[in-house]
């Protein structure tokens, strides 16, 4: 195998495949990436046996072939080279990296030992969505996802396509966020489906696909593939059924508080200095219905109280919340105006934005 | 050779042929998930797609050769992804600790009360009462009013999926609602009870276990028939029972058959069960089935045509769980797939939901199970004997062969002692008539069927 590639292209490719470089004592080849040069395409592949990433880039292929190269050694060479064109050549089980005035020789492993990347057999049905839209939505809902695997069925983002809408849901059982992409926001030739994508995969998807306008999503019974023109990530999906989250979303509220997002978020950060281990802050409505009072106290530290002007409709309330959870809820919304809807101090509350009706954030208060 | 045994041997063989890292990465977490003897195909479960692709392309030949050395009848090996093979117990510990520390209440899984084990979804309000469960319900409600005084113990029996658990849990929930924390209730399945006994014996902590069970005011044990034949558990249960009973604590027990019909139950326990109140739950009649469906539809605010509900009620007769299964499927089709359900579609759904799987049942199984049920020697079934106690089982066996296996009458006659086909015809007619006229008899047939399907 022999090819010539531009350093910038090479760096982009390496940045992409780095996410799936594995650490596996049993299988050291996972520290390598696979470089394939066939049919005019140069392809970089890496996997940690949970996910696999593939990246295609341009370059000049002189001899077709494939090679696996230890990622960290190769990356530090390329990063420190300052020439434009880099030649990669495999000969006698050695990889030569050369530029105008540099020559490196790396011991390589047999490409046949590199894991086979699973494929999705039925590529005729897929879902297309704008990359930025998908990434925004995933960033929003993934804040609520549970990171530990104690309950595998909620350690990922729930995707649901039904009735012409695409729903994304994340929860850790203390709070839940749902964002709906309406019919005009995506196109799909798939039958209605629902599945759970591991949170680690979601995090990578959010970081990948820079510059790609549109993404295609393919799935089969146990894996999901996100694909742009030159980048792919394939992952397992979580085997389990997502809880019936719709039943958790309250149908109505006794109190509705309209607030400025920035101000609410600042007040939480300010007051939280005095909150305890459970991140508890007290939220209550002011006597005249004109402000919301956020407070926290600690017997050793002291006390802080913040009053935010607010439009309050309905009954007054006094409830305790985890301030981090409230803050996460605010991050979903782009708009300045948000609404905090409460029933009572032991029932789920909701954060919405009147101008963004497609998103919902539900949070459970802390027991008083 | 046992399935898992075969696979263990195959792994042992392959471990010698490939490198250790490869073995650990790709095959360590594998298991055999199925063996189709008819086609000679073995299904191997692997933890992820990577392992599946790799094993399929690199080790298939090795595996096939190795497996064929052990069992020549196997022709092929197929691979599937079984994600539950992969578990990480360490993570679990940490996060469960974290979760216990926070007073944060949770949105989703409120469901089961950890102290009483009761699931709040079961209440009297959503329990439909009809002639088939009237007595049991009345007795349960009487207990709620005067705990430990009226019917003690209360023994409820009835077939699978008829609502025993619902009634038991509803009683527990009602007691909790009425007396709040003044009364302690414990609901437990007999399986859990057995596990507790085993645990206590192994860890020499029988005192803890005694405290747990003997300090309650109401003890509810579901599916008691499973403790039959487990001597240590029976003994422990006997003592618990006596302690509670002497202190006028309420005991509620359920089983799939009356105490007299649990063959392995000790006499002293049986007589105690019979000392209280015994109530049965039988198969719901048509009106009750319809009422259940209508309440379900109403509770979920779903509109389904009466004609459809009536058809479901008339076609699904055996068991309320199946009734709900069919109902849910119909709702699914109407709501999510926007398909209009007609008679033909409904039959299809019913067929899917009620999977009677006679594929593994043979005529020999029927004869054996029926003989076991009536406690007559299997050999008598095929003799010329016309004693009353053997004639009825024989007729029932004929009926079941016809009904489940669709065997021809001459064949049935042949199987049961070379009898004439008219004998078989007569038997089938007689039994089907008896089933419609005599509910107790019908229940007997249902129990036999259950045993057959459970084989």
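The values are calculated or read from the model by the stated rules, or taken from the named source; none is laboratory data. Given the structure is predicted, the values throughout are model-derived calculations rather than measurements. Note that each Cβ is placed from the backbone with ideal geometry, even for glycine, and that neighbours are counted across all protein chains shown.
Counted as qualifying within region B:81-192 are the helices (runs of 4 or more DSSP H) with 1 or more residues that are outside the structural domain of residue B:220 (by TED's automatic domain parsing) and modelled with pLDDT under 80, namely B:89-101.
A single member of A:142, A:124, A:155 is away from chain B (no Cβ under 11 Å), at pLDDT below 95, in contact with a strand residue (DSSP E or B) (Cβ under 7 Å, 6 or more places away or on another chain) and farther than 13 Å from residue A:245 by Cβ, and it is A:142. Any residue in region A:76-83 that is more than 25 Å from residue A:20 (Cβ to Cβ) and not assigned by TED's automatic domain parsing to the domain that holds residue A:232? Taking every residue of region A:76-83 in turn, at least one turns out to be more than 25 Å from residue A:20 (Cβ to Cβ) and not assigned by TED's automatic domain parsing to the domain that holds residue A:232.
In region A:352-368, the qualifying residues are those that are crowded, with 20+ Cβ neighbours inside 10 Å and at the interface with another protein chain (Cβ under 9 Å from one of its Cβ atoms), and the one that is farthest from residue A:276 (Cα to Cα) is A:362.
Scanning region A:59-81 for any residue that is assigned to a strand (DSSP E or B), without any contact (Cβ under 8 Å) to a residue 12 or more places away in the chain and over 30 Å from residue B:22 (Cβ atoms) turns up nothing. Of the residues examined, residue A:276 is one that is within 14 Å of another protein chain (Cβ to nearest Cβ) and part of a loop (DSSP other than H, G, I, E, B). Screening B:154, B:167 for residues that are within 25 Å of residue B:323 (Cα to Cα), buried (at least 20 other Cβ atoms within 10 Å of the Cβ) and either touching a residue at least 12 places away in the same chain (Cβ under 8 Å) or out of contact with any strand residue (DSSP E or B) (no Cβ under 8 Å at 6 or more places or on another chain) (or both) leaves exactly one candidate, B:167. Tallying residues that are farther than 30 Å from residue B:226 by Cα and buried (at least 18 other Cβ atoms within 10 Å of the Cβ) within region B:266-289 yields 0.
For region B:422-433, check the following and say yes or no: at least one residue is within 16 Å of residue B:317 (Cα to Cα), in a helix (DSSP H, G or I) and either modelled with pLDDT of 85 or more or not assigned by TED's automatic domain parsing to the domain that holds residue B:263 (or both). Yes, some residue in region B:422-433 is within 16 Å of residue B:317 (Cα to Cα), in a helix (DSSP H, G or I) and either modelled with pLDDT of 85 or more or not assigned by TED's automatic domain parsing to the domain that holds residue B:263 (or both). The set of residues in region A:14-23 being within 14 Å of chain B (Cβ to nearest Cβ) and surrounded by 15 or more Cβ atoms within 10 Å (Cβ to Cβ) consists of A:20, A:22. Checking each residue in region A:185-223 for being within 12 Å of chain B (Cβ to nearest Cβ) and either over 19 Å from residue A:20 (Cβ atoms) or free of Cβ contacts under 8 Å to residues at least 40 places away in the same chain (or both) picks out A:191, A:192, A:193, A:194, A:196, A:220, A:221, A:222. Counting only residues that are more than 27 Å from residue B:106 (Cα to Cα) and in contact with a helix residue (DSSP H, G or I) (Cβ under 7 Å, 6 or more places away or on another chain), region A:260-303 holds 3 of them.
The single condition from (1) in a helix (DSSP H, G or I); (2) more than 9 Å from chain A (Cβ to nearest Cβ); (3) at pLDDT below 80 that residue B:10 fails is (3). Considering region A:28-49, and only residues there that are surrounded by 19 or more Cβ atoms within 10 Å (Cβ to Cβ) and assigned to a loop (DSSP other than H, G, I, E, B), the residue that is farthest from the other protein chains (Cβ to nearest Cβ) turns out to be A:48. Restricting region B:13-48 to residues that are closer than 13 Å to residue A:26 by Cβ and surrounded by 17 or more Cβ atoms within 10 Å (Cβ to Cβ) leaves a set whose member that is farthest from the other protein chains (Cβ to nearest Cβ) is B:27. If you go through region A:201-218, how many residues are farther than 23 Å from residue A:143 by Cα and surrounded by 20 or more Cβ atoms within 10 Å (Cβ to Cβ)? Number of matching residues: 1.
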